[in-house]
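Working notes, structure below.
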Amino acid sequence: MNKKQIAGLVAAALVFVFVCGANLLVKNAAESQNKKALAESLLDSVGSKVTLPFEPFVGVVKVDGTIMKSSSSSSLFPTEGYDHEKTLSLIDQYQQSGENRGILLYVNTPGGSVYETDELYQRLLKYKKDTGRPVWTYMANEACSGGYYVSMASDKIYANRNTWTGSIGVILSLSNYKGLMDKLGVDIILFTSGPNKSMGNPGVDVTQEQKKIFQSLVDESYEQFVGIVAQGRNMSAETVRPIADGRIYTAQQALDLKLIDGIQNYEDTQSRMEEELGEDVAFFTPKNSELALSSLFSMAKSYTSTDVDKVKEFLQSQESGVPMYYAVTGK
C-alpha cells in the first residue's frame, strides 16, 4: 500500500469520525433539549401544587418582596420572597376549591414591574368575578406603589399603624455610560432601521425626542394606575391625581385620604373578615414545608437553565428601561 492510499484511508477515517461525532452531538443536544422541556413540565406541574384544607377557609396570598417574574430567593428553605408564577397558581387553586371562602392578601412589598403587578391585580379581579368571594388586604411593613396597586382588587384594606403605603406613580430607570466611554476612547457603532431604534442604549446620548417618548410610556402607565385607584377606592380621577405624585404615606395619612379602610393588626383583620363572612373559617397560609418543597422544585428547574438564560435574567434585573410601580423606601 503506497503513501497516497494510506493518506486516503486516513482522510476517509477522519471524515467518518467527524460525521459520526457530529451526528452524536446533534442527537445528544436534541435529547438534552427534550429532557429539559420534560423536566420543566414535570417540575411546573408538581412543584406548584399546594394541599388545601378540607374545611371552610380563607386563603392567604403573601405578596412579600419585589413583584417580578422570577423569585429572588435561592435558599432551599425560604421564609420570604415573592414568586410570581407560584402566587398566580395559588390564586387559581383557591378559586377551584369548594371550601375556599375568600382571599386575604398579605402585602409587604415596595412594588415591582408594571406588567407583573397588573397581572396579579387582574388575576385577583378574575377570582372575585368568577367566585363572588371577597378579597381583603392587610398591609404589613410596606405596601408601596405596586403593593398599593394590587390592593385595589380588595373589598377592604387594613394597614398596620407603622405601614408605609401610597407612592402612587411610575418610574423608568436608565443608565448612560456615554461620558465614561468618551473618556476611555470607546465608540459604540450602531446600525438601526430608524433614529429611535437604539433609544435607551447606555452608550448613546438620549435625544429630546426620545425623552418625550420615554415620558409618554411612563405617563400611560401612570394614567392606568390613577384609574385603578379611582375605581378601587370609589373616587374620581381628579381626586386621585393630587395625591398620586409618588409620595409615600403613613397609615394614618392614608386613612385620612381614604386610601385605606382602617388601621389594625393582622389578627384583628382576620377576626373582622371572619365576622363579615358569618361563619367559622380557618386562615390558610402554605406551610414552610410546602414552601420548601416548592423551592426545591424551583431550584431543580433553575439547573435546567442555560448560561444564556441566566445572563438574560441577570440583565433583566438591572436598569433596563422597564416601567416600574416601585418605591425605594429604605425599609
| request: Would you mind stating whether ILE189 is surrounded by 13 or more Cβ atoms within 10 Å (Cβ to Cβ), more than 29 Å from TYR115 (Cβ to Cβ) and of a type outside the set (S, T, N, Q)? | output: no
| Which of the residues that make up region 87-123 are closer than 25 Å to SER167 by Cβ and open to solvent by 30 Å² or more (accessible area, probe 1.4 Å)? | TYR106, ASN108, TYR115, ASP118, GLU119, GLN122, ARG123
| Qualifying residues in region 192-223 (those that are of a type in the set (Ser, Thr, Tyr) and surrounded by 13 or more Cβ atoms within 10 Å (Cβ to Cβ)) - the one farthest from GLY246 (Cα to Cα) | SER198
| message | Condition first: within 19 Å of GLY278 (Cα to Cα) and β-branched (Val, Ile, Thr). Now tell me which residues in region 130-156 satisfy that. | response | THR131, VAL135, THR137
| task | For ASN141, work out the one condition from (1) closer than 22 Å to ASP256 by Cα; (2) of a type outside the set (Lys, Arg); (3) in contact with a helix residue (DSSP H, G or I) (Cβ under 8 Å, 6 or more places away or on another chain); (4) in a strand (DSSP E or B) it doesn't fulfil. | result | (3)
| said: Going residue by residue through region 144-156, is there one that turns out to be open to solvent by 10 Å² or more (accessible area, probe 1.4 Å) and either outside any loop (DSSP other than H, G, I, E, B) or more than 21 Å from LEU257 (Cβ to Cβ) (or both)? | reply: yes
| Every pair of residues 6+ apart whose Cβ atoms lie under 8 Å, when the first sits in region 184-212 and is within 21 Å of ILE171 (Cα to Cα) while the second is among the acidic types (Asp, Glu) and open to solvent by 50 Å² or more (accessible area, probe 1.4 Å) | ASN196/GLU209
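The values are calculated or read from the model by the stated rules, or taken from the named source; none is laboratory data. Owing to the predicted nature of the structure, the values given are computational and were not obtained by experimental measurement. A quick note on method: Cβ atoms are made from the backbone with ideal geometry, for glycine too, and the neighbour counts reach across all protein chains shown. Heavy atoms of the whole protein, side chains included, go into the accessibility calculation; ligands, DNA and RNA do not. Shrake-Rupley method; radii C 1.70, N 1.55, O 1.52, S 1.80 Å.
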